[in-house]
Amino acid sequence: MSSQKKESWIWWKHGVIYHIYPRSFQDADGDGIGDIRGIIRRLGYLKELGIDGIWISPMYKSPMVDFGYDVSSYREIDPVFGTMDDFMELLGKAHDAGIRIILDMILNHTSNQHPWFIESSESLASPKRNWYIWKEGTMGTPPNNWKSAVGGSAWNLDEQTGQYYLHSFFKEQPDLNWRDPELHGVFFDEMKFWLDLGVDGFRLDVINLIAKDKKFRNNPVLLGIPALQQHVYTRNRKRSVTVVTKIRELLNSYENRVSIGEIYTHPPGDVKTAARYLAGGENGIHLAFDFSLIFSTWNAHAYYKSITAWYASLPEGGWPCNVLSNHDLLRSIDRFPWRTNREEKAKVAATLLLTMMGTPFIYYGEEIGMHNTHVSKKQIRDPLGKRYWPLFTGRDKARTPMQWNPEPNGGFTTGKPWLPLNRDFSSRNVKQQEGEPYSLLNHYRNLIKLRRSHEPLHRGSWLPVTNGQRGILAYFRKTGEERMLVILNFTGRQKTFSLPEHSYGKVVLSTHRSPGEFNYFQHMQIGAFEATICLVSE
Ligand code: NOJ
(Lines give C-alpha, C1' and ligand atoms only; values in the text may rest on other atoms or scores of the structure.)
Protein backbone atom coordinates (compact mmCIF):
# COMPACT_ATOMS: atom_id res chain seq x y z
CA MET A 1 0.00 0.00 0.00
CA SER A 2 1.36 3.42 -0.77
CA SER A 3 0.63 6.52 1.28
CA GLN A 4 -2.50 8.47 0.41
CA LYS A 5 -0.87 11.81 -0.19
CA LYS A 6 1.63 11.56 -3.04
CA GLU A 7 4.60 13.83 -2.44
CA SER A 8 6.14 15.49 -5.44
CA TRP A 9 9.03 13.91 -7.30
CA ILE A 10 12.17 16.00 -6.87
CA TRP A 11 14.46 14.79 -9.63
CA TRP A 12 17.81 15.43 -7.92
CA LYS A 13 16.62 13.99 -4.63
CA HIS A 14 14.53 11.01 -5.64
CA GLY A 15 16.06 10.23 -8.99
CA VAL A 16 19.33 8.63 -10.07
CA ILE A 17 22.23 10.54 -11.65
CA TYR A 18 24.65 9.07 -14.18
CA HIS A 19 28.17 10.47 -14.52
CA ILE A 20 29.61 10.69 -18.03
CA TYR A 21 33.28 11.28 -18.74
CA PRO A 22 32.61 12.68 -22.22
CA ARG A 23 35.93 11.76 -23.84
CA SER A 24 35.14 8.11 -23.23
CA PHE A 25 31.40 7.63 -23.59
CA GLN A 26 30.67 7.54 -27.33
CA ASP A 27 32.56 8.96 -30.27
CA ALA A 28 30.33 10.02 -33.17
CA ASP A 29 32.82 11.68 -35.54
CA GLY A 30 35.51 9.00 -35.63
CA ASP A 31 38.37 11.01 -34.10
CA GLY A 32 38.71 8.51 -31.24
CA ILE A 33 37.41 10.92 -28.60
CA GLY A 34 33.87 10.85 -27.24
CA ASP A 35 31.67 13.82 -28.04
CA ILE A 36 28.25 15.43 -27.60
CA ARG A 37 26.72 13.78 -30.66
CA GLY A 38 27.86 10.49 -29.19
CA ILE A 39 25.96 11.23 -25.98
CA ILE A 40 22.89 12.15 -28.06
CA ARG A 41 23.18 8.79 -29.81
CA ARG A 42 23.11 7.00 -26.45
CA LEU A 43 20.20 8.85 -24.87
CA GLY A 44 17.99 5.86 -25.61
CA TYR A 45 20.32 3.63 -23.59
CA LEU A 46 20.26 6.07 -20.67
CA LYS A 47 16.48 6.33 -20.80
CA GLU A 48 16.23 2.55 -20.74
CA LEU A 49 18.61 2.41 -17.79
CA GLY A 50 16.08 4.61 -16.02
CA ILE A 51 18.24 7.49 -14.86
CA ASP A 52 16.95 11.00 -14.20
CA GLY A 53 19.97 13.16 -14.88
CA ILE A 54 23.50 13.15 -16.24
CA TRP A 55 26.50 14.95 -14.84
CA ILE A 56 28.95 15.47 -17.66
CA SER A 57 32.61 16.17 -16.84
CA PRO A 58 33.77 19.47 -18.42
CA MET A 59 33.27 20.12 -22.13
CA TYR A 60 34.22 23.82 -22.19
CA LYS A 61 37.00 25.17 -24.37
CA SER A 62 40.25 23.95 -22.89
CA PRO A 63 43.90 23.29 -23.75
CA MET A 64 43.19 19.88 -22.09
CA VAL A 65 46.20 19.85 -19.79
CA ASP A 66 43.85 18.30 -17.21
CA PHE A 67 41.32 17.12 -19.81
CA GLY A 68 38.84 19.93 -19.41
CA TYR A 69 39.42 20.80 -15.76
CA ASP A 70 41.51 23.67 -17.16
CA VAL A 71 38.98 25.97 -18.81
CA SER A 72 39.96 28.70 -21.27
CA SER A 73 36.39 29.84 -21.98
CA TYR A 74 33.39 29.02 -19.82
CA ARG A 75 30.93 29.97 -22.54
CA GLU A 76 32.26 27.84 -25.35
CA ILE A 77 32.18 24.14 -26.08
CA ASP A 78 35.56 22.70 -26.98
CA PRO A 79 35.58 21.66 -30.68
CA VAL A 80 36.75 18.18 -29.68
CA PHE A 81 33.29 17.68 -28.13
CA GLY A 82 31.30 19.49 -30.81
CA THR A 83 29.52 22.81 -31.10
CA MET A 84 27.09 24.90 -29.14
CA ASP A 85 24.36 23.71 -31.51
CA ASP A 86 25.23 20.12 -30.63
CA PHE A 87 25.00 20.99 -26.96
CA MET A 88 21.61 22.66 -27.37
CA GLU A 89 20.38 19.63 -29.27
CA LEU A 90 21.57 17.37 -26.46
CA LEU A 91 19.86 19.55 -23.86
CA GLY A 92 16.59 19.57 -25.80
CA LYS A 93 16.58 15.85 -26.55
CA ALA A 94 17.62 14.92 -23.02
CA HIS A 95 14.81 17.05 -21.60
CA ASP A 96 12.34 15.47 -24.00
CA ALA A 97 13.46 12.10 -22.64
CA GLY A 98 13.01 13.32 -19.04
CA ILE A 99 16.76 13.47 -18.42
CA ARG A 100 18.33 16.54 -16.78
CA ILE A 101 21.77 17.85 -17.64
CA ILE A 102 24.29 18.83 -14.95
CA LEU A 103 27.49 20.56 -16.02
CA ASP A 104 30.79 20.52 -14.19
CA MET A 105 31.67 24.01 -12.97
CA ILE A 106 35.28 24.72 -12.10
CA LEU A 107 35.44 27.70 -9.78
CA ASN A 108 38.78 27.20 -8.11
CA HIS A 109 40.96 27.77 -11.16
CA THR A 110 40.98 28.47 -14.88
CA SER A 111 43.47 27.47 -17.54
CA ASN A 112 46.54 29.69 -17.84
CA GLN A 113 45.28 30.18 -21.42
CA HIS A 114 42.08 31.83 -20.23
CA PRO A 115 42.00 35.46 -21.44
CA TRP A 116 41.39 36.52 -17.80
CA PHE A 117 44.70 35.01 -16.72
CA ILE A 118 46.56 36.26 -19.78
CA GLU A 119 45.40 39.79 -18.97
CA SER A 120 46.03 39.36 -15.26
CA SER A 121 49.64 38.34 -16.01
CA GLU A 122 50.35 41.34 -18.22
CA SER A 123 51.45 43.72 -15.47
CA LEU A 124 51.17 44.48 -11.77
CA ALA A 125 48.70 47.19 -12.75
CA SER A 126 46.45 44.92 -14.82
CA PRO A 127 42.79 45.58 -14.03
CA LYS A 128 42.40 41.80 -13.66
CA ARG A 129 45.51 41.37 -11.49
CA ASN A 130 43.43 40.69 -8.39
CA TRP A 131 41.25 38.08 -10.12
CA TYR A 132 44.04 35.59 -9.43
CA ILE A 133 46.23 35.12 -6.37
CA TRP A 134 49.56 36.88 -6.89
CA LYS A 135 52.23 37.37 -4.27
CA GLU A 136 55.85 38.43 -3.84
CA GLY A 137 58.34 35.70 -3.02
CA THR A 138 60.79 35.94 -0.18
CA MET A 139 64.45 36.05 -1.22
CA GLY A 140 63.99 33.95 -4.32
CA THR A 141 61.66 31.42 -2.71
CA PRO A 142 57.88 31.07 -2.97
CA PRO A 143 55.71 33.22 -0.67
CA ASN A 144 54.92 30.34 1.72
CA ASN A 145 54.99 26.55 2.09
CA TRP A 146 51.64 25.76 0.40
CA LYS A 147 51.75 22.59 -1.68
CA SER A 148 49.77 21.82 -4.79
CA ALA A 149 47.49 18.76 -4.77
CA VAL A 150 49.59 17.31 -7.60
CA GLY A 151 52.89 17.71 -5.72
CA GLY A 152 55.48 20.46 -5.39
CA SER A 153 55.00 24.09 -4.44
CA ALA A 154 51.60 25.64 -5.16
CA TRP A 155 53.39 28.78 -6.38
CA ASN A 156 54.82 29.49 -9.80
CA LEU A 157 57.09 32.43 -10.56
CA ASP A 158 55.98 34.66 -13.40
CA GLU A 159 59.25 36.03 -14.84
CA GLN A 160 57.58 39.01 -16.49
CA THR A 161 56.11 40.61 -13.37
CA GLY A 162 58.40 38.99 -10.81
CA GLN A 163 55.51 37.72 -8.68
CA TYR A 164 54.32 34.22 -7.95
CA TYR A 165 50.79 33.01 -8.72
CA LEU A 166 49.01 30.29 -6.77
CA HIS A 167 47.94 27.01 -8.38
CA SER A 168 46.35 24.33 -6.20
CA PHE A 169 46.73 21.84 -9.08
CA PHE A 170 49.01 22.03 -12.14
CA LYS A 171 50.84 25.28 -12.90
CA GLU A 172 48.64 25.55 -16.00
CA GLN A 173 45.63 25.88 -13.63
CA PRO A 174 46.03 29.21 -11.79
CA ASP A 175 43.70 29.72 -8.80
CA LEU A 176 41.03 32.39 -8.98
CA ASN A 177 40.74 34.91 -6.18
CA TRP A 178 37.28 34.53 -4.68
CA ARG A 179 37.94 37.50 -2.38
CA ASP A 180 37.71 39.83 -5.37
CA PRO A 181 34.12 41.12 -5.68
CA GLU A 182 34.46 41.87 -9.38
CA LEU A 183 35.62 38.31 -10.17
CA HIS A 184 32.78 37.02 -8.05
CA GLY A 185 30.22 38.87 -10.16
CA VAL A 186 31.83 37.97 -13.47
CA PHE A 187 32.04 34.30 -12.59
CA PHE A 188 28.41 34.22 -11.51
CA ASP A 189 27.53 35.62 -14.94
CA GLU A 190 29.22 32.58 -16.49
CA MET A 191 27.00 30.30 -14.43
CA LYS A 192 23.90 32.35 -15.30
CA PHE A 193 24.77 31.94 -18.96
CA TRP A 194 24.25 28.16 -18.70
CA LEU A 195 21.28 28.38 -16.35
CA ASP A 196 19.55 30.72 -18.79
CA LEU A 197 20.13 28.17 -21.55
CA GLY A 198 18.26 25.63 -19.44
CA VAL A 199 21.05 23.61 -17.84
CA ASP A 200 19.72 21.89 -14.71
CA GLY A 201 22.61 22.42 -12.35
CA PHE A 202 26.28 22.16 -11.60
CA ARG A 203 28.70 19.76 -10.04
CA LEU A 204 31.07 22.14 -8.28
CA ASP A 205 34.66 21.01 -8.70
CA VAL A 206 36.79 21.09 -5.48
CA ILE A 207 34.43 23.63 -3.99
CA ASN A 208 36.09 23.35 -0.57
CA LEU A 209 39.35 24.72 -1.98
CA ILE A 210 38.14 28.00 -3.39
CA ALA A 211 39.03 30.23 -0.41
CA LYS A 212 42.50 30.56 1.09
CA ASP A 213 43.86 32.23 4.18
CA LYS A 214 43.94 36.01 3.81
CA LYS A 215 47.22 36.17 5.74
CA PHE A 216 48.87 33.42 3.69
CA ARG A 217 50.03 31.59 6.81
CA ASN A 218 52.17 28.47 6.35
CA ASN A 219 50.29 25.18 6.53
CA PRO A 220 51.43 22.91 9.37
CA VAL A 221 53.41 19.85 8.32
CA LEU A 222 53.54 16.49 10.04
CA LEU A 223 56.89 15.12 11.28
CA GLY A 224 58.70 17.89 9.43
CA ILE A 225 57.93 16.18 6.08
CA PRO A 226 56.77 18.87 3.60
CA ALA A 227 54.69 16.36 1.64
CA LEU A 228 52.66 15.64 4.78
CA GLN A 229 51.04 19.02 4.71
CA GLN A 230 47.79 19.68 6.51
CA HIS A 231 45.77 22.02 4.34
CA VAL A 232 44.54 24.14 7.23
CA TYR A 233 44.94 27.47 5.44
CA THR A 234 44.12 26.32 1.92
CA ARG A 235 41.00 24.18 2.29
CA ASN A 236 37.61 24.39 3.99
CA ARG A 237 37.96 28.06 4.88
CA LYS A 238 34.77 29.78 6.00
CA ARG A 239 34.60 31.86 2.85
CA SER A 240 34.12 28.73 0.71
CA VAL A 241 30.85 28.16 2.54
CA THR A 242 29.94 31.84 2.05
CA VAL A 243 30.44 31.53 -1.72
CA VAL A 244 28.39 28.34 -1.72
CA THR A 245 25.47 30.14 -0.06
CA LYS A 246 25.59 32.75 -2.83
CA ILE A 247 25.53 29.96 -5.44
CA ARG A 248 22.45 28.56 -3.73
CA GLU A 249 20.79 31.98 -3.88
CA LEU A 250 21.55 32.11 -7.59
CA LEU A 251 20.14 28.63 -8.20
CA ASN A 252 17.07 29.40 -6.11
CA SER A 253 16.26 32.22 -8.50
CA TYR A 254 15.69 29.53 -11.17
CA GLU A 255 13.33 26.58 -10.96
CA ASN A 256 14.41 23.07 -10.08
CA ARG A 257 18.19 23.48 -10.36
CA VAL A 258 20.77 21.63 -8.33
CA SER A 259 24.32 22.04 -7.03
CA ILE A 260 26.54 19.15 -6.02
CA GLY A 261 29.78 20.01 -4.31
CA GLU A 262 32.89 17.90 -4.54
CA ILE A 263 34.18 17.91 -0.96
CA TYR A 264 37.30 15.82 -0.94
CA THR A 265 38.46 15.77 2.66
CA HIS A 266 41.55 14.53 4.49
CA PRO A 267 41.06 12.06 5.96
CA PRO A 268 38.52 10.94 3.37
CA GLY A 269 35.05 10.62 4.79
CA ASP A 270 35.34 13.59 7.14
CA VAL A 271 31.59 13.88 6.96
CA LYS A 272 31.28 16.75 9.41
CA THR A 273 33.32 18.96 7.11
CA ALA A 274 31.37 17.84 4.05
CA ALA A 275 28.08 18.55 5.83
CA ARG A 276 29.13 22.15 6.58
CA TYR A 277 28.69 22.95 2.88
CA LEU A 278 25.01 22.08 3.09
CA ALA A 279 24.83 25.21 5.25
CA GLY A 280 21.89 24.17 7.38
CA GLY A 281 20.28 22.12 4.63
CA GLU A 282 18.54 24.98 2.83
CA ASN A 283 21.25 27.53 2.22
CA GLY A 284 24.23 25.65 0.88
CA ILE A 285 24.80 23.11 -1.85
CA HIS A 286 21.94 20.67 -2.40
CA LEU A 287 24.22 17.64 -2.30
CA ALA A 288 27.77 17.01 -1.08
CA PHE A 289 30.02 14.25 -2.37
CA ASP A 290 31.84 13.09 0.72
CA PHE A 291 33.69 9.99 -0.58
CA SER A 292 33.08 7.87 2.54
CA LEU A 293 31.51 4.97 0.63
CA ILE A 294 34.35 5.03 -1.87
CA PHE A 295 36.93 4.72 0.86
CA SER A 296 35.06 2.22 2.98
CA THR A 297 36.64 -1.22 3.15
CA TRP A 298 34.62 -4.25 1.95
CA ASN A 299 32.98 -5.05 5.23
CA ALA A 300 29.34 -4.70 6.26
CA HIS A 301 30.22 -3.04 9.57
CA ALA A 302 32.58 -0.53 7.92
CA TYR A 303 29.80 0.45 5.50
CA TYR A 304 27.34 0.68 8.37
CA LYS A 305 29.69 3.01 10.24
CA SER A 306 30.28 5.34 7.31
CA ILE A 307 26.59 5.45 6.41
CA THR A 308 25.44 6.22 9.96
CA ALA A 309 28.19 8.82 10.45
CA TRP A 310 27.15 10.56 7.24
CA TYR A 311 23.44 10.52 8.07
CA ALA A 312 24.12 11.74 11.61
CA SER A 313 26.11 14.71 10.30
CA LEU A 314 23.37 15.94 8.00
CA PRO A 315 21.65 19.10 9.13
CA GLU A 316 17.85 19.18 9.34
CA GLY A 317 16.60 19.34 5.74
CA GLY A 318 19.95 18.11 4.37
CA TRP A 319 19.90 15.21 1.92
CA PRO A 320 22.75 12.72 1.32
CA CYS A 321 24.12 11.52 -1.97
CA ASN A 322 26.01 8.30 -2.54
CA VAL A 323 28.69 7.32 -4.98
CA LEU A 324 30.91 4.29 -5.55
CA SER A 325 33.25 5.47 -8.31
CA ASN A 326 34.34 8.49 -10.30
CA HIS A 327 36.87 9.59 -12.92
CA ASP A 328 39.65 10.23 -10.39
CA LEU A 329 39.72 6.94 -8.52
CA LEU A 330 39.92 3.22 -9.18
CA ARG A 331 36.74 1.61 -10.46
CA SER A 332 34.68 0.18 -7.61
CA ILE A 333 34.59 -3.40 -8.90
CA ASP A 334 38.39 -3.53 -8.59
CA ARG A 335 38.48 -1.99 -5.14
CA PHE A 336 36.61 -4.92 -3.63
CA PRO A 337 39.34 -7.06 -2.06
CA TRP A 338 40.81 -10.44 -2.94
CA ARG A 339 39.81 -10.22 -6.60
CA THR A 340 37.25 -12.95 -5.99
CA ASN A 341 33.48 -12.92 -6.53
CA ARG A 342 33.78 -9.43 -7.94
CA GLU A 343 30.59 -9.65 -9.95
CA GLU A 344 28.63 -10.79 -6.87
CA LYS A 345 30.17 -8.05 -4.76
CA ALA A 346 29.32 -5.51 -7.45
CA LYS A 347 25.66 -6.58 -7.19
CA VAL A 348 25.70 -6.21 -3.40
CA ALA A 349 27.32 -2.76 -3.76
CA ALA A 350 24.80 -1.71 -6.44
CA THR A 351 21.92 -2.81 -4.22
CA LEU A 352 23.33 -0.75 -1.38
CA LEU A 353 23.89 2.28 -3.61
CA LEU A 354 20.37 2.18 -5.00
CA THR A 355 18.50 1.42 -1.78
CA MET A 356 20.29 3.67 0.68
CA MET A 357 18.82 6.98 1.68
CA GLY A 358 20.21 9.63 -0.66
CA THR A 359 20.72 10.36 -4.33
CA PRO A 360 22.75 7.65 -6.09
CA PHE A 361 25.41 8.52 -8.66
CA ILE A 362 26.51 5.88 -11.18
CA TYR A 363 29.84 6.30 -12.98
CA TYR A 364 29.60 5.29 -16.66
CA GLY A 365 30.46 1.62 -17.15
CA GLU A 366 29.90 0.78 -13.47
CA GLU A 367 26.57 -0.75 -14.49
CA ILE A 368 28.33 -3.36 -16.64
CA GLY A 369 31.17 -3.86 -14.15
CA MET A 370 33.86 -2.24 -16.25
CA HIS A 371 37.30 -2.90 -14.81
CA ASN A 372 40.36 -0.74 -14.47
CA THR A 373 42.38 -1.03 -17.64
CA HIS A 374 46.10 -1.51 -17.89
CA VAL A 375 47.55 1.50 -19.67
CA SER A 376 51.18 1.19 -20.74
CA LYS A 377 53.67 4.00 -20.16
CA LYS A 378 53.36 5.01 -23.82
CA GLN A 379 49.57 5.14 -23.64
CA ILE A 380 49.33 7.29 -20.51
CA ARG A 381 47.42 10.52 -21.10
CA ASP A 382 46.73 11.72 -17.56
CA PRO A 383 49.29 14.36 -16.53
CA LEU A 384 49.42 12.82 -13.05
CA GLY A 385 50.34 9.43 -14.51
CA LYS A 386 53.01 11.04 -16.70
CA ARG A 387 54.49 12.84 -13.72
CA TYR A 388 54.54 9.94 -11.29
CA TRP A 389 55.00 6.84 -13.44
CA PRO A 390 55.86 4.11 -12.34
CA LEU A 391 54.99 4.98 -8.70
CA PHE A 392 51.52 6.08 -9.71
CA THR A 393 50.25 5.30 -13.18
CA GLY A 394 47.48 7.91 -13.10
CA ARG A 395 43.75 8.03 -13.54
CA ASP A 396 43.45 6.78 -17.14
CA LYS A 397 42.72 3.24 -16.01
CA ALA A 398 39.25 4.27 -14.83
CA ARG A 399 38.58 6.49 -17.86
CA THR A 400 38.81 4.03 -20.75
CA PRO A 401 36.11 3.89 -23.46
CA MET A 402 32.64 2.60 -22.71
CA GLN A 403 32.17 -0.98 -23.85
CA TRP A 404 29.02 -1.02 -25.94
CA ASN A 405 29.29 -4.20 -27.98
CA PRO A 406 31.79 -6.84 -29.14
CA GLU A 407 32.56 -5.03 -32.39
CA PRO A 408 35.96 -3.34 -33.01
CA ASN A 409 36.73 -0.78 -30.30
CA GLY A 410 33.66 -1.94 -28.43
CA GLY A 411 31.41 0.23 -30.58
CA PHE A 412 32.96 3.33 -29.01
CA THR A 413 34.65 4.71 -32.11
CA THR A 414 35.41 3.95 -35.73
CA GLY A 415 38.78 5.66 -35.27
CA LYS A 416 41.69 5.05 -32.92
CA PRO A 417 40.47 5.38 -29.33
CA TRP A 418 42.27 8.04 -27.27
CA LEU A 419 42.79 5.46 -24.52
CA PRO A 420 42.90 1.69 -25.01
CA LEU A 421 39.77 -0.32 -24.37
CA ASN A 422 39.82 -2.91 -21.65
CA ARG A 423 40.85 -6.22 -23.17
CA ASP A 424 37.63 -7.83 -21.90
CA PHE A 425 35.36 -5.65 -24.05
CA SER A 426 34.30 -8.45 -26.39
CA SER A 427 32.81 -10.42 -23.48
CA ARG A 428 31.89 -7.54 -21.15
CA ASN A 429 29.72 -5.03 -22.92
CA VAL A 430 26.24 -3.53 -22.93
CA LYS A 431 24.92 -5.63 -25.79
CA GLN A 432 25.94 -8.91 -24.22
CA GLN A 433 24.57 -7.96 -20.78
CA GLU A 434 21.29 -6.73 -22.22
CA GLY A 435 20.67 -10.25 -23.37
CA GLU A 436 21.39 -11.91 -20.02
CA PRO A 437 18.55 -11.66 -17.50
CA TYR A 438 20.89 -11.93 -14.48
CA SER A 439 23.63 -9.61 -15.73
CA LEU A 440 24.92 -6.74 -13.65
CA LEU A 441 23.35 -4.33 -16.14
CA ASN A 442 19.93 -5.88 -15.69
CA HIS A 443 20.44 -5.82 -11.92
CA TYR A 444 21.07 -2.05 -12.11
CA ARG A 445 18.05 -1.58 -14.37
CA ASN A 446 15.79 -3.58 -12.06
CA LEU A 447 17.02 -1.73 -9.01
CA ILE A 448 16.45 1.66 -10.61
CA LYS A 449 12.95 0.65 -11.69
CA LEU A 450 12.13 -0.66 -8.22
CA ARG A 451 13.54 2.44 -6.56
CA ARG A 452 11.31 4.63 -8.70
CA SER A 453 8.13 2.63 -8.15
CA HIS A 454 8.46 2.25 -4.37
CA GLU A 455 8.34 5.38 -2.27
CA PRO A 456 10.33 3.99 0.68
CA LEU A 457 13.29 3.39 -1.60
CA HIS A 458 13.51 6.90 -2.97
CA ARG A 459 12.26 8.99 -0.08
CA GLY A 460 11.79 6.82 2.99
CA SER A 461 13.58 6.94 6.31
CA TRP A 462 16.50 4.56 6.90
CA LEU A 463 16.18 2.23 9.87
CA PRO A 464 19.06 -0.18 10.41
CA VAL A 465 18.22 -3.71 11.54
CA THR A 466 21.82 -4.89 11.92
CA ASN A 467 25.08 -2.98 12.32
CA GLY A 468 26.89 -5.29 9.95
CA GLN A 469 29.08 -6.85 12.61
CA ARG A 470 28.17 -10.38 11.57
CA GLY A 471 28.66 -9.73 7.88
CA ILE A 472 25.06 -8.82 7.07
CA LEU A 473 23.92 -5.27 6.62
CA ALA A 474 20.13 -5.03 6.81
CA TYR A 475 17.86 -2.04 7.01
CA PHE A 476 14.31 -0.89 6.50
CA ARG A 477 13.28 1.96 4.28
CA LYS A 478 9.95 3.31 5.39
CA THR A 479 7.27 5.81 4.41
CA GLY A 480 3.77 6.00 5.85
CA GLU A 481 2.46 2.47 5.66
CA GLU A 482 5.03 1.02 3.27
CA ARG A 483 8.15 -0.71 4.49
CA MET A 484 10.94 -2.31 2.50
CA LEU A 485 13.62 -4.53 3.96
CA VAL A 486 17.07 -4.71 2.38
CA ILE A 487 19.39 -7.57 3.33
CA LEU A 488 22.98 -7.59 2.09
CA ASN A 489 25.46 -10.35 2.78
CA PHE A 490 28.98 -8.97 2.36
CA THR A 491 30.57 -12.35 3.01
CA GLY A 492 31.17 -15.48 0.97
CA ARG A 493 29.40 -17.62 3.59
CA GLN A 494 25.76 -18.43 4.20
CA LYS A 495 24.48 -16.58 7.27
CA THR A 496 21.44 -16.71 9.48
CA PHE A 497 19.60 -13.47 9.67
CA SER A 498 16.87 -12.75 12.21
CA LEU A 499 14.34 -10.00 12.34
CA PRO A 500 13.31 -8.79 15.78
CA GLU A 501 9.73 -9.93 15.09
CA HIS A 502 7.74 -12.05 12.65
CA SER A 503 6.97 -10.21 9.47
CA TYR A 504 4.73 -10.89 6.55
CA GLY A 505 6.05 -9.86 3.19
CA LYS A 506 7.34 -10.76 -0.22
CA VAL A 507 10.61 -10.70 -2.06
CA VAL A 508 10.61 -8.03 -4.76
CA LEU A 509 14.17 -8.27 -6.03
CA SER A 510 16.93 -10.68 -5.16
CA THR A 511 20.16 -12.14 -6.41
CA HIS A 512 19.18 -15.50 -4.90
CA ARG A 513 15.37 -15.78 -4.59
CA SER A 514 12.43 -15.66 -6.92
CA PRO A 515 10.35 -12.60 -6.42
CA GLY A 516 6.68 -12.65 -5.74
CA GLU A 517 5.90 -15.06 -2.98
CA PHE A 518 4.24 -13.85 0.17
CA ASN A 519 5.67 -15.39 3.29
CA TYR A 520 5.97 -15.10 6.99
CA PHE A 521 9.56 -14.67 7.94
CA GLN A 522 11.66 -14.03 10.96
CA HIS A 523 14.73 -16.21 10.60
CA MET A 524 16.24 -16.50 7.15
CA GLN A 525 19.28 -18.22 5.68
CA ILE A 526 21.06 -15.63 3.57
CA GLY A 527 23.31 -16.98 0.83
CA ALA A 528 26.89 -15.89 0.13
CA PHE A 529 26.89 -12.36 -1.34
CA GLU A 530 23.12 -12.34 -1.41
CA ALA A 531 21.26 -9.08 -1.94
CA THR A 532 17.53 -9.26 -1.29
CA ILE A 533 14.83 -6.63 -1.09
CA CYS A 534 11.44 -7.44 0.44
CA LEU A 535 8.23 -5.54 0.74
CA VAL A 536 7.13 -5.98 4.34
CA SER A 537 3.69 -5.58 5.83
CA GLU A 538 3.15 -4.30 9.37
C1 NOJ B 1 38.74 17.42 -9.26
C2 NOJ B 1 38.45 16.73 -10.56
O3 NOJ B 1 37.56 15.66 -10.30
C4 NOJ B 1 39.77 16.25 -11.11
O5 NOJ B 1 39.61 15.43 -12.23
C6 NOJ B 1 40.60 17.47 -11.45
O7 NOJ B 1 41.88 17.07 -11.87
C8 NOJ B 1 40.73 18.39 -10.23
N9 NOJ B 1 39.50 18.59 -9.55
C10 NOJ B 1 41.23 19.74 -10.65
O11 NOJ B 1 40.21 20.42 -11.32
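The values are calculated or read from the model by the stated rules, or taken from the named source; none is laboratory data. What you see is a predicted model, and the numbers here were worked out from it, not measured in a lab. All Cβ positions, even for glycine, are placed from backbone atoms using ideal geometry, and neighbour counts span all protein chains on display. Just the protein is used for accessible areas: all its heavy atoms, side chains included, with ligands, DNA and RNA removed. Shrake-Rupley method; radii C 1.70, N 1.55, O 1.52, S 1.80 Å.
Scanning residues 5 or more positions from Thr359 or on other chains, those with amide H under 5 Å from its amide H are Cys321, Asn322, with H placed 1.01 Å from N in the peptide plane.
With the gyration tensor restricted to C-alpha atoms of the range 461-537, the semi-axes of the equivalent ellipsoid amount to 18, 14, 11 Å, longest first. Peptide packing: for 280-286, 39-45, 494-500, 168-174, the average count of neighbouring Cβ atoms within 10 Å per residue gives the ranking 168-174, 280-286, 39-45, 494-500, highest mean first.
Tell me the per residue accessible area of the chain using a 1.4 Å probe; a whole number in Å² is fine.
Numbers: 21670 Å² over 538 residues.
For the chain, the per-residue accessible area is 40 Å².
Evaluating 6.51 cos²θ - 1.76 cosθ + 1.60 at θ = phi - 60° for every residue in the range 145-158, the Karplus couplings come out as 8, 4, 9, 7, 5, 9, x, x, 5, 8, 10, 10, 6, 9 Hz, glycine and proline recorded as x. Distance between the 7 Å Cα→Cβ label points at Asp85 and Ala309: 5.2 nm. With the Kirkwood sum run over all distinct C-alpha pairs, the chain has a hydrodynamic radius of 24.4 Å. With Cα atoms as the point set, the range 109-177 shows a radius of gyration and Dmax of 11.0, 31 Å.
If you roll a 1.4 angstrom probe over the protein chains with everything in place, what fraction of the accessible area of the range 109-177 belongs to carbon and sulfur, to the nearest %? Ligands and nucleic acids excluded, carbon and sulfur reach 53 percent. What are the DSSP H helices in the chain that stretch 24 Å or more along their long axis, judged by alpha-carbon atoms, and whose average Kyte-Doolittle hydropathy comes to at least -0.5? Membrane-span-like by this criterion, though nothing is claimed about a membrane: 181-197.
Placing unit charges on the Cβ atoms only, positive for Lys and Arg and negative for Asp and Glu, gives the chain a dipole magnitude near 1540 debye about its Cα centre. Near the amide H of Thr265, within less than 5 Å, lie the amide hydrogens of Asp270, all on another chain or at least 5 residues away, with H placed in the peptide plane. In sequence order, the range 133-141 has phi-based couplings of 9, 10, 7, 6, x, 10, 6, x, 10 Hz under the Karplus curve 6.51 cos²θ - 1.76 cosθ + 1.60, θ = phi - 60°, and Gly or Pro positions carry x.
Bridgeable lysines around Lys506 (alpha carbons under 16 Å apart, same-chain partners fewer than 8 residues away excluded): Lys478.
With contacts taken as Cα pairs under 8 Å and at least 6 residues apart, the chain reaches a relative contact order of 13 percent.
Selection among Ser111, Asn283, Leu329 by position relative to the dipole of the chain gives Leu329 as farthest towards the positive end (Cβ unit charges, Cα centre).
Take the solvent-accessible surface of the protein heavy atoms, probe 1.4 Å, and return the percent of it on the range 473-538 that carbon and sulfur atoms account for.
48 percent
Normalised by the number of residues in the range 389-498, the mean separation of alpha-carbon contacts (under 8 Å, six or more apart) gives a relative contact order of 14 percent.
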